[in-house]
Amino acid sequence: MKKLKSYVLIAILICVVISAAVSYNIYNKTITNPLVNSSSDLEIKVTDGDTLYSVFEELYNQKKLRSLNFTKIYIKTHNISDNIKKGTYEFEKGVSLDELIKELQTGETNRIKLTIPEGYTITDIASKVEKSGLATKDDFLKAVKNYSPPGYVKEDPKKRYNLEGYLFPDTYYFSKKTDSNTIIKTMIDRTEEVFKQISKKTGDNINEANYEDILTKASVIEKEARSDKDRYLISSVIDNRINKKMKLQIDATVIYAYGYHKEKLYNKDLIIDSPYNTYKYTGLPIGPICNPGMESIIASLKPEKTDYIYYVWTGKGKDHFFTNDYKQFLSEKRKANL
């Protein structure tokens, strides 16, 4: 009987310890990341009469706040005022509780929104960073050059930037004092996160050793495709030409080789000696030619099964014409006046 009582006490003690550990974990998460993960950023509208408590209660009722009780405990133990300023606020998923409260109380944001569109090159990103006021273009590019990349990045002195392709295009929020290295790391971390999401979505086990080829192909798709359905068809053309030992002959790679935009390419432009020039060298370019979005990365992994080896933009809308017949290809190219 005594043994039974001992076992019961031990079991109760274990339950108490586990419960305390779980509570401590939730409390910490509430402080560092109070908002429940969602696919988009959170907009909060504060009107006359709203208080800190009423806003958090509303968020909790909408299932957007991790824990109302621990949030209230944090406010009380830190003697935080219940007063907030009216206005419309936008918060990213990773905002801390302290940052969230401070903004609601001061009515001022200490963070800068940085939106990087899909297909931007590192040079484009640097210009956007400078425009945001976070860093100068030159400082950002210097940081990119000097940044120590993760082991899966294939470093090569012939590349323009070793990190090209790894700075994921997305909307980010940074403190006004954020330095270039932090911006770069955040974007690389997001790329890793996206690969995990794609792996879960597709069921594929994506090896880090393959990131480079996947992103290089995806970057070409990103620059060439004008619609989501064409991404998968262009992906198939790339694979088919590589399998046939044909040069890819993709204009976007030549434009990247020059380092500045050309509205139209002429035959004389196609002979530039660059490891990015797929008119001169067989296979994929030496590295990514831009930073691709998720859809292009998925298309890189999951091409349509076709026998196409040619495609050309029709000159109308977003569609390309695909074929395995060279004469048809030339005919459509003439129609498009390209």
When region 54-161 is reduced to its Cα atoms, the Kirkwood hydrodynamic radius in Å:
17.5 Å
Among ASN83, THR71, ILE44, which residue has its Cα furthest toward the positive end of the charge dipole of the chain, with +1 on Lys/Arg Cβ and -1 on Asp/Glu Cβ?
THR71
Length gained, ASN205-SER54, 0.36 nm per residue minus C-alpha separation, equals 49.9 nm
I need the P(r) histogram for region 198-338: all alpha carbon pairs, bin width 5 Å from 0 out to the longest distance, whole percents.
2, 11, 18, 23, 23, 14, 5, 3, 1, 0
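Give me the accessible area per residue for region 195-282, probe 1.4 Å, as a whole number in Å².
Working: 4750 Å² over 88 residues.
Solvent-accessible surface per residue comes out at 54 Å².
Starting from 0.36 nm per residue, how many nanometres of slack lie between ASP273 and ASP124 once their C-alpha separation is accounted for?
So the extension gain works out to 51.3 nm.
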Please identify the GluC sites (Glu not before Pro) of region 226-328 that satisfy two criteria: DSSP loop assignment and at most 15 other Cβ atoms within 10 Å. Which are they?
GLU263
Within region 109-174, how many Lys pairs that are eight or more residues apart, or on different chains, come under 29 Å at the alpha-carbon?
25
In whole Å, largest first, the alpha carbons of region 275-338 cover along the principal axes 32, 27, 22
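I'm a student and want to see the number: the projected area of the Cα convex hull of region 105-161, averaged over all directions, in nm².
5.8 nm²
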Magnitude of the Cβ-charge dipole of the chain, K/R +1 and D/E -1, about the Cα centre, nearest 20 debye?
580 debye
Mind giving me the FRET efficiency for THR306 and LYS185? R0 is 45 Å, r the Cβ-Cβ distance, nearest 0.05 is fine.
0.70
Test of the criteria: in region 130-204, which trypsin sites (Lys or Arg not before Pro) are in a DSSP loop and have at most 10 other Cβ atoms within 10 angstrom of their Cβ?
LYS158, LYS177
Between LYS113 and LEU68, what is the spin-label point distance in nm, taking each point 7 Å from the Cα along the Cα→C-beta axis?
2.9 nm
Let me have the relative contact order for region 235-338, percent, based on Cα pairs under 8 Å that are six or more residues apart.
26 percent
Would you please name the chymotrypsin sites (Phe, Trp or Tyr not before Pro) within region 218-272 that are DSSP coil residues with at most 15 other C-beta atoms within 10 Å of their C-beta?
TYR260, TYR266
Roughly what would the spin-label model give for ILE26 and ASN324, points 7 Å off Cα along C-beta, in nm?
5.9 nm
Region 187-243 and region 101-143 have their Cα centres apart by a whole-number Å value of 26 Å
Using the Cα centre as the reference, give the magnitude of the dipole from point charges on the C-beta atoms of region 215-278 (Lys, Arg: +1; Asp, Glu: -1; all else neutral), rounded to the nearest 20 debye.
200 debye
In vacuo Debye sum over C-alpha of the chain, base-10 log of normalised intensity I(q)/I(0) at q = 0.07, 0.11 Å⁻¹, listed in q order, is -0.43, -0.85
Compute the angle between helix 228-243 and the longest alpha-carbon principal axis of the chain, please, reported from 0 to 90 degrees and rounded to the nearest 10.
50 degrees
Carbon and sulfur: what percent of the chain's accessible surface (1.4 Å probe)?
50 percent
Estimated FRET transfer efficiency (SER81, ASN146; beta-carbon r; R0 41 Å; 0.05):
0.40
If the viscosity is 1.306 mPa s and the temperature 10 °C, what translational diffusion coefficient in µm²/s does Stokes-Einstein give for region 143-198 when Rh comes from Kirkwood over Cα pairs?
130 µm²/s
Work out the length of the dipole vector of region 234-338 about its Cα centre, built from +1 on the beta-carbon of each Lys and Arg and -1 on the beta-carbon of each Asp and Glu, and round it to the nearest 20 debye.
280 debye
Can you tell me the Rg and Dmax of region 87-138, counting just the alpha carbons, in angstroms?
13.8, 38
Can you give the direction-averaged projected area of the convex hull of the alpha-carbon atoms in region 179-269, in nm²?
8.3 nm²
Per DSSP H run of n ≥ 4, the term is -39500 (n - 2.57); total these for the chain, divide by its residue number, and report the mean residue ellipticity at 222 nm rounded to 500 deg cm²/dmol.
-15000 deg cm²/dmol
Residue-normalised accessible area of region 56-110, given per residue in Å² at a 1.4 Å probe
59 Å²
0 to 90° range, to nearest 10: angle between helix 137-146 axis and the chain longest Cα axis
90 degrees
Compute for region 107-216: radius of gyration divided by Kirkwood radius, i.e. Rg/Rh, restricted to C-alpha atoms, rounded to two decimals.
0.99
For region 106-253, averaging the sequence separation of alpha carbon pairs under 8 Å that lie six or more residues apart and dividing by its residue count, the contact order in percent is 23 percent
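The values are calculated or read from the model by the stated rules, or taken from the named source; none is laboratory data. All values derive from a computational prediction rather than experimental measurement. Glycine also receives a Cβ, built like all others from the backbone with ideal geometry; neighbour counts cover every protein chain displayed. Heads up: the accessible areas ignore ligands, DNA and RNA and are worked out on the full protein's heavy atoms, side chains in. Shrake-Rupley method; radii C 1.70, N 1.55, O 1.52, S 1.80 Å.
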